[in-house]
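Enquirer: Before I ask anything, here is the structure I am working with.
The values are calculated or read from the model by the stated rules, or taken from the named source; none is laboratory data. Here the structure is a predicted model, which means the values were calculated and not measured. Methodologically, a virtual Cβ is constructed for each residue, glycine included, from the backbone with ideal geometry; neighbour enumeration extends over all protein chains shown.
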Amino acid sequence: MLDVAFAGMSLLSRIFGRKKPADPADEPLVTVPVPALGILLLRLEKKKGAPLTEAEVLEARDKAVCIVMRLSHKRAMEEKRGYRDVNPQSVWEDWLVFRTQVKGDET
């Protein structure tokens, strides 16, 4: 009976193809600011002693040191860290939200 089942599975695999395990080399690479962009901006704002302007936030993003890693590694890092970092592509909007959340936690 098992031989028939395996033969049927073999036929189905040949017809539909076998799903290959995901190849890590196929996973997208992403750039990640180090230190986290939100932390970097908080430090700059503390040093300045006043809220950062949009131009200052954009300049900090443009000068930030970045590394390249697999998307799954970035997600695992964020999960371990406990928060998502500021997205460099929407840095100003994300920074305003991030800042509010952090400042709200301090009170």
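Enquirer: Please go through region 20-76 and give me each residue that is hydroxyl-bearing (Ser, Thr, Tyr) and more than 21 Å from TRP95 (Cα to Cα), ordered by number.
Expert: The one that is hydroxyl-bearing (Ser, Thr, Tyr) and more than 21 Å from TRP95 (Cα to Cα): SER72.
Residues checked against (1) hydrophobic (A, V, I, L, M, F, W, C); (2) in contact with a Cys (Cβ under 8 Å, 6 or more places away or on another chain); (3) at pLDDT 95 or above; (4) under 25 Å from TYR83 (Cα atoms):
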{"position": "SER13", "(1), (2), (3), (4)": "no, no, no, no"}
{"position": "PHE16", "(1), (2), (3), (4)": "yes, no, no, no"}
{"position": "PRO21", "(1), (2), (3), (4)": "no, no, no, no"}
{"position": "ASP26", "(1), (2), (3), (4)": "no, no, no, no"}
{"position": "VAL34", "(1), (2), (3), (4)": "yes, yes, no, yes"}
{"position": "LYS47", "(1), (2), (3), (4)": "no, no, yes, yes"}
{"position": "ALA55", "(1), (2), (3), (4)": "yes, no, yes, yes"}
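Enquirer: Could you check ARG70 against (1) free of Cβ contacts under 8 Å to residues at least 12 places away in the same chain; (2) farther than 24 Å from LYS103 by Cα and say which number it fails?
Expert: Only one criterion is unmet by ARG70, namely (1).
Enquirer: Could you list all residues from region 60-87 that are in contact with a Leu (Cβ under 8 Å, 6 or more places away or on another chain) and either under 13 Å from PRO35 (Cβ atoms) or of a type in the set (Lys, Arg) (or both)?
Expert: ALA60, ARG61, ALA64, ARG70, ASP85, VAL86
Enquirer: Okay, moving on. Going residue by residue through region 37-59, is there one that turns out to be polar (S, T, N, Q) and within 30 Å of ASP26 (Cβ to Cβ)?
Expert: No, every residue in region 37-59 fails to be polar (S, T, N, Q) and within 30 Å of ASP26 (Cβ to Cβ).
Enquirer: Assuming VAL68 fulfils every condition listed in (1) within 17 Å of THR31 (Cα to Cα); (2) surrounded by 11 or more Cβ atoms within 10 Å (Cβ to Cβ) apart from one, which condition is it?
Expert: (2)
Enquirer: Here's another thing I want to ask about it. Tell me which residues, restricted to region 73-86, are in contact (Cβ under 8 Å) with a residue 12 or more places away in the chain and touching a helix residue (DSSP H, G or I) at 6+ places or on another chain (Cβ under 8 Å).
Expert: TYR83, ASP85, VAL86
Enquirer: Could you tell me which residue of region 88-100 is surrounded by the most Cβ atoms within 10 Å (Cβ to Cβ), considering only residues that are under 22 Å from PRO28 (Cα atoms) and free of Cβ contacts under 8 Å to residues at least 40 places away in the same chain?
Expert: SER90
Enquirer: Residue check: is GLU59 closer than 19 Å to THR100 by Cα, surrounded by 12 or more Cβ atoms within 10 Å (Cβ to Cβ) and of a type in the set (Asp, Glu)?
Expert: When the stated conditions are applied, GLU59 does not pass them.
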